[in-house]
1. For ASP143 and GLU479, FRET efficiency with R0 = 30 Å and r from the beta-carbon atoms, rounded to 0.05?
2. Dividing the alpha-carbon Rg of the chain by 2.2 N^0.38 Å yields what?
3. Over the Cα atoms of segment 233-378, each weighted equally, I'd like the Debye log10 I(q)/I(0) at q = 0.10, 0.16, 0.17, 0.19 Å⁻¹, rounded to two decimals.
4. Share of segment 125-214's accessible area from carbon and sulfur, percent, 1.4 Å?
5. Just check segment 117-233 against the gyration tensor rule for me: Cα atoms, a ≥ b ≥ c as the square roots of the eigenvalues, rounded for a/c under 1.5, and otherwise prolate or oblate depending on whether a/b exceeds b/c.
6. Kindly flag which residue pairs out of LYS85/LYS121; LYS60/LYS471; LYS60/LYS116 have an alpha-carbon separation exceeding 24 Å in this structure.
7. Excluding residues fewer than 8 places away in the same chain, name every one of the lysines whose C-alpha is closer than 28 Å to that of LYS263.
8. On a full-extension model of 0.36 nm per residue, what is the gain between ASP128 and THR71, subtracting their alpha-carbon distance, rounded to one decimal in nm?
Amino acid sequence: MGRIASFLWAAGATSAAFALPASALAQTAMSEPSAQTAAPLPRDTRLAVEVALAELDLTKRALETLHPGYTRYTSAETLDALWEKARADVSQTPSRGRLYLAISRVLAAIRCDHTKAELPKDFEASRDQQPVYLPFRFKIFDDRIFVFNPGETGLERGAEVLSIDGRPVADVLSEVYALFPVDGDTDHIKPESVSEFGEFVGPAFEHFYPFLYPVDETVALEVAGENGAAKAYELPRLTFAQYSAITSEKRFSANFDDAVTLKMMDDQTAYLSIDTFVNYRRPVDPDRIYAPVFAQLESSNTSTLILDLRRNGGGSTDAQIGLLQWLMDKPFQQASAVLVAADRIEPDLRQYLSSWEKAALDPNPAWFTARDDGMFEIALEQVGKPPASIPPKPGAYTGRLIVLTSSDNASGVTHALAVLKAQRDAVFIGEPTGGAATGATAGILAYLDLPESGIRVRVPLQRTVIANAQKLNPRRGIEPDILAPDTLESTFAGTDPALEAALALSQ
């Protein structure tokens, strides 16, 4: 998700009455949390019921007013019922942790990968102080957990974990899945996604578990033994830093300029992997990365290019468009429209919002064209989107293209895949992707800061409509032409079904 520097909305809004209760009603120390509430987080505090309900109402209002995909996949009636359930839930136990869970459940029901709730800063900081993480890394297959990197536990790699603190693994996963947002009907990505590092504090499983269940400094596990009988273990939990050290993984560590690898598989077959399009933390001109790569392909007379995007979760528009310009043989279109839900933001809501693109929070209604569906359209050039016709680069690769996909694909990389699927002759091999092939709700995010709880909610302000989207499934990601998923057996044997299928096809 890159910054759009040319977003120049001007001020213009009217007022409406809305305010949170006075902070005198706010937080008091929380005591004796029950198993029904959440883990005894060191800084969890009880909220006055009025405050908790006001923050829920503020979140609902921001989303239904500003989110251009709020009812794209889920009806307003269904979401209204979920908000009412959330109100009942936090009324019963009005703590910050309970509020975080309640908000996260509704956000997941919106089915937008970019709509997430961030932890209060003190909760996030506590993850480096309080051991709440499992002491090993795992993979999920068929709602079963298998030890992938045992760390220092002494567990066998590939061993199946049957229960955690006495709870069957399938039950725990069901609770976590209900909190994890995906785009549209792409629930198939959840098993892989909730066990991997992403935008939460660690994998989503580890991020949410302490809010769902009480945690001690040790975890009780049942693990399947060689004869199938369960063996009991009690192991120390880890802090976030200790957990990350198991595989030296860091949050938000990948950058576009060091994520591109090219190697020749034989005289005429090249393998190009691009593991992220994130080009906003350490920005570079994409052509500085791509031009030497495609010059080498041209000089080596490559006839088949295997493009591996399986580890790519999205990122910046310039890195996506730059790649497409080196792969297309004729002018192409990425976006056909950019939609917003509102042409103004009321001042009483605006005071709780922030964004890296501050002008987006003070839009000029004159810049928008109203649509029959209640949305507003803004000119592509106004939001920094490329023009309708994007020319390929001189020397672009136009030979045989094989694209490897996975459930990790989402957001902008799914946009790039959608353009290739709709406008380029290519063979897709691997797994069905996440993301919204017809256009994600992303581009620019607003951040709704809930003043008493400290929770911050990401509220997308734009929805991209991908060109030729009528050719793609409106509720899914990209479907491969040849299904070659990672399996339990291939993962632990270290084999690569998708690459093997691509190499066989290239012969």
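1. 0.85
2. 1.01
3. Cα-only, vacuum Debye calculation for segment 233-378: -0.61, -1.00, -1.04, -1.14.
4. Carbon with sulfur: 46 percent of the solvent-accessible area.
5. Judged from the Cα gyration tensor, segment 117-233 comes out oblate (a/c at least 1.5, b/c at or above a/b).
6. Too far apart for the 24 Å limit: LYS85/LYS121; LYS60/LYS471.
7. Those lysines meeting the cut-off are LYS250, LYS330, LYS393, LYS421.
8. Extra length available between ASP128 and THR71 comes to 16.8 nm.
The values are calculated or read from the model by the stated rules, or taken from the named source; none is laboratory data. Since the structure is predicted, the reported quantities are computational estimates derived from the model, not experimental observations. Cβ atoms come from the backbone with ideal geometry, glycine included; neighbour counts cover every protein chain shown. These area figures cover heavy atoms from the full protein model, side chains too; ligands, DNA and RNA do not enter into them. Shrake-Rupley method; radii C 1.70, N 1.55, O 1.52, S 1.80 Å.
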